[in-house]
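Some notes on the structure that comes next.
The values are calculated or read from the model by the stated rules, or taken from the named source; none is laboratory data. These figures come from a predicted structure and were not determined experimentally. Don't worry about glycine lacking a Cβ; one is built from the backbone with ideal geometry, like all the others, and counts go over all protein chains shown. These area figures cover heavy atoms from the full protein model, side chains too; ligands, DNA and RNA do not enter into them. Shrake-Rupley method; radii C 1.70, N 1.55, O 1.52, S 1.80 Å.
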Amino acid sequence: MSSMDPEQLEERLRQAAAHFRYPPTSPIASVVMKRLPRPAAPRWTWAVVAVLVMLAALLLVPPARAAVIDFIQIGVVRIFRTEPVPAPVSTPALQAPLTATPLATSSAQAPVTATPSSGLQDLAGETTLADAQSNTGFSVLIPHYPPDLGKPDRIYLQDMGGSLLLLVWLQPDGSGHVRMSLQEIAAGSWALAKFGPQTLQEVTVNGHKGVWATGPYLLETRNHEYDTRRLVAGNSLIWTQGNVTYRLESSLSLDEALKVAESLAPLP
Amino acid sequence: MLISRSQAGDASAWEPVVLAHEEAVFRLAYLILGDPDEARDIAQETFVRAWRSIGRVDGSRPLQPWLLRICTNLAVNRRRSVARYLAALMRRAQAEPRVPGTEELSAQQMEAQQLWQAVRRLDPADQQIVYLRYFLDLSVAETAETLQTAQGTVKSRSHRALERLRNVIRREFPMLGDERSA
């Protein structure tokens with residue numbers, strides 16, 4: 001093909017496109033229609049609704065109140081003990097943990113088609129620790145435990161009205177698998193919500209309140225533009241220091257994760 | 001008629017519009033993102049956002065270029081988002097990524113997949129023009145409308161994108177040049 005002229009390449013592309021195997025188009029219209037705002041209801045409808053709501057409130061005050069307060073907020077992360085009721089925009093797909101540990105229920109994972117591994121090369125904001133420190137607006141901390149950890153292999157910084165710094169350590173075997181990741185999230189950038197973790201335990205990290213959550217759980221990531229939900233099986237430790245929320249995800253035990261968290265120190 | 005009814009707030013008129021264009025929108029999102037779940041999300045979001053802005057649309061013009069433009073912007077933004085990166089990391093953590101077996105694809109389908117891989121080596125702007133012109137088979141005029149640029153610009157951008165694609169194929173996909181090239 002390298003010797004083909006542009007017209008021949010165009011024709012080859014058209015032929016290829018004609019044979020390109022797309023995944024089946026998922027039902028879209030039905031979901032879209034449910035998301036459109038409903039037309040304003042007549043006044044009497046609202047009156048009926050109001051009465052029903054009041055009745056429901058009278059009948060259900062204790063459990064309703066329990067449900068309302070049944071979450072834990074750590075910085076920008078809100079963790080609900082139970083699954084959300086309304087269906088999300090997208091059907092959650094079970095994902096492997098953010099570690100090299102294969103997920104036992106791999107048959108339930110979202111299908112991966114003939115897709116080049118994307119994300120790493122596409123992600124905006126790859127940077128260096130030094131540049132991240134100059135641009136985050138907060139003091140970047142990196143862990144010094146375990147002793148062989150070293151500096152992160154990948155560093156990404158995005159600003160969505162507040163900085164989100166992502167540090168990634170890969171497995172040393174060159175497989176490209178993730179050993180551990182640490183998010184440092186400034187207030188006002190992203191909001192994360194977790195629903196129904198298997199374990200939810202309050203902890204302290206260097207005297208700061210934190211939470212230990214184990215999967216699988218539904219993780220919702222939100223900012224001004226995006227709102228995604230995915231079912232994640234992984235262990236995460238979330239805590240705050242000042243206005244920064246830290247979220248460490250790994251396959252480590254709680255004790256080990258706490259050691260990592262408590263080893264965080266500013267860049268030299 | 002459907003557009004004017006939609007502009008008047010008649011949501012029932014929007015469903016046939018979605019049905020008419022959902023395949024093209026989904027396919028473009030899939031080409032850009034390479035993930036069917038994300039493509040579905042972006043396609044849904046495209047039609048929701050389009051509905052919100054339908055009042056600003058000139059009903060005398062074709063709707064599809066406008067929808068594809070919304071889809072492109074959403075998909076490109078999604079591709080660069082941290083949330084997507086995290087999801088990609090999770091997929092990378094799987095021991096063996098599941099891809100269709102080669103035995104499932106005909107020779108022509110296999111070549112189409114390889115050409116797609118080659119196109120994905122191009123920068124996003126080149127990818128867009130290749131997807132619109134050749135994979136979705138839009139005319140120069142439709143592509144220009146989608147990209148909000150002049151038709152002459154579409155032609156020159158297409159030419160440059162093809163040149164770069166040839167270089168990618170020469171460097172990284174020489175097997176594509178071994179067959180049917182005469």
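Net charge in the neighbourhood of A:F20 (other residues with Cβ under 12 Å of its Cβ; Lys, Arg +1, Asp, Glu -1) is +1.
Each other residue within a Cβ distance under 11 Å of B:R171 adds +1 if Lys or Arg and -1 if Asp or Glu, for a net charge of +3. For the chain pair B and A, buried accessible area totals roughly 7400 Å², probe 1.4 Å, rounded to the nearest 100. With all protein chains in place and a 1.4 Å probe, the accessible surface of the range B:105-167 carries 45 percent carbon and sulfur.
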